[in-house]
Amino acid sequence: MTRRRLEGFALAIALIGVVPRLLAAQQPEIATTVAFTEGPAVDRDGNVYFTEMVSLRIMKLTAQGVLSTFRERSNNANGLLIDPQGRLVACEGAESQRTGVLVKFKPQVTRTDLRTGKMEVLADNYQGKPFVGPNDVTIDGKGRLYFTDLTGGAVYRIDGPGHLARILAAPDVQRPNGIQISPDDKQLYLIEANGAEGGARMIRAYDLGADGRVGNMRIHYNFYPGRSADGMSIDTQGNLYASAGMNQLRGTSETLATRTGVYVISPQGKLLKFIPIPEDFITNNAFGGADMKTLYVTAGKTLYKVRTEIAGLPR
């Protein structure tokens, strides 16, 4: 067993003793411990893929709890999605500060065949201009992909390889992060995660047309002045599960008003339930399991799992 795995097990054992005291209602279990986790997605076999942002890897956790590295040199991959054909879609390439040095990657959205390992680039520019930092991705019932370019201040739709449309852009959006689509494909939800003074920290809702265009923006849920959500998933009844908040300040104008955890928000924008998570910084979540009632949550160095009452969607 490697030293890294031993350290991971030690951290997991230490945290298992802490979690029950902090969480009174629903108690997330620790699925695995790595370094800084993001962007989970679950395939039909129960394998959880998630990104590790420190060592630039995409990790794989099997249904039996075996952890391995799926892809080294991930090009700073962040949000992930398993499409209906079982392929892994990844948002990649945002710039990153590492040991005080700005590191650049290639901003793009890729798709990998999990059986063969063959990877293709679905999009890396819009009208000849490169993206800045693709961040998160979702899919509608027609198989169209929607992804956010957080630092580029835009949202795009991919109808197929080489077929790209920009559906939102600054100043109408500021720092678009997580993205989701309702079960009936009639609503698009978008997280704004602007930590600047007065910045938008909310979930926006839009009417989504059959042609993939959006309109009629309204504020669905507001996290201001606390830390906004990062990513979110959705269940079969249209409730959003938004990973938001922080336990410690991080040098922005964000306050600690938003507790760290998963916010379950109804289609009417009402908070139905709050699932506390004890670790910073919470990032994203995704449904999986044979009955789609296991919610996997990435936060800090840990991948948590929580059982839910309602089945989720693989979006």
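The values are calculated or read from the model by the stated rules, or taken from the named source; none is laboratory data. Not measured: the values here are computed from a predicted model. Counting neighbours? That spans all protein chains shown, and the Cβs are built from the backbone with ideal geometry, glycine included.
Among the residues examined, residue 275 does not qualify as β-branched (Val, Ile, Thr) and either part of a loop (DSSP other than H, G, I, E, B) or on the phi > 0 side of the Ramachandran plot (or both). In the set (1) under 30 Å from residue 64 (Cβ atoms); (2) touching a residue at least 40 places away in the same chain (Cβ under 8 Å); (3) surrounded by 17 or more Cβ atoms within 10 Å (Cβ to Cβ); (4) small (Gly, Ala, Ser), residue 290 fails one condition alone, (3).
The set of residues from region 193-212 being in contact (Cβ under 8 Å) with a residue 40 or more places away in the chain, over 18 Å from residue 283 (Cα atoms) and surrounded by 14 or more Cβ atoms within 10 Å (Cβ to Cβ) comprises 199, 205, 208, 212.
Could you check region 185-268 for strands (runs of 3 or more DSSP E) lying wholly inside it with 3 or more residues that are within 19 Å of residue 310 (Cα to Cα)?
On the way: elements: 187-193, 201-208, 214-222, 229-234, 240-244, 261-265.
Of the strands (runs of 3 or more DSSP E) lying wholly inside region 185-268, those with at least 3 residues that are within 19 Å of residue 310 (Cα to Cα) span 229-234, 240-244, 261-265.
Could you please let me know if residue 227 is within 21 Å of residue 195 (Cα to Cα) and surrounded by fewer than 24 Cβ atoms within 10 Å (Cβ to Cβ)? Considered against the rule, which asks whether it is within 21 Å of residue 195 (Cα to Cα) and surrounded by fewer than 24 Cβ atoms within 10 Å (Cβ to Cβ), residue 227 comes out as no.
Screening residue 202 against (1) within 27 Å of residue 112 (Cα to Cα); (2) modelled with pLDDT of 95 or more leaves a single unmet condition, (1). Beta carbons closer than 7 Å, at least 6 apart along the sequence or on distinct chains, pair a first residue in region 45-65 that is within 20 Å of residue 115 (Cβ to Cβ) and free of Cβ contacts under 8 Å to residues at least 60 places away in the same chain with a second that is surrounded by fewer than 18 Cβ atoms within 10 Å (Cβ to Cβ) and among the aliphatic types (A, V, I, L, M) for 45/63; 47/63; 59/67. Exactly one residue among 253, 228, 266 is within 19 Å of residue 315 (Cα to Cα) and hydroxyl-bearing (Ser, Thr, Tyr), and that residue is 266. Can you find even one residue in region 33-53 that is at pLDDT below 95, in contact with a Lys or Arg (Cβ under 7 Å, 6 or more places away or on another chain), among the aliphatic types (A, V, I, L, M) and on the phi < 0 side of the Ramachandran plot? Within region 33-53, one or more residues are at pLDDT below 95, in contact with a Lys or Arg (Cβ under 7 Å, 6 or more places away or on another chain), among the aliphatic types (A, V, I, L, M) and on the phi < 0 side of the Ramachandran plot.
The residues on offer are 254, 309, and the sole one that is among the acidic types (Asp, Glu), crowded, with 23+ Cβ neighbours inside 10 Å and farther than 24 Å from residue 34 by Cα is 254.
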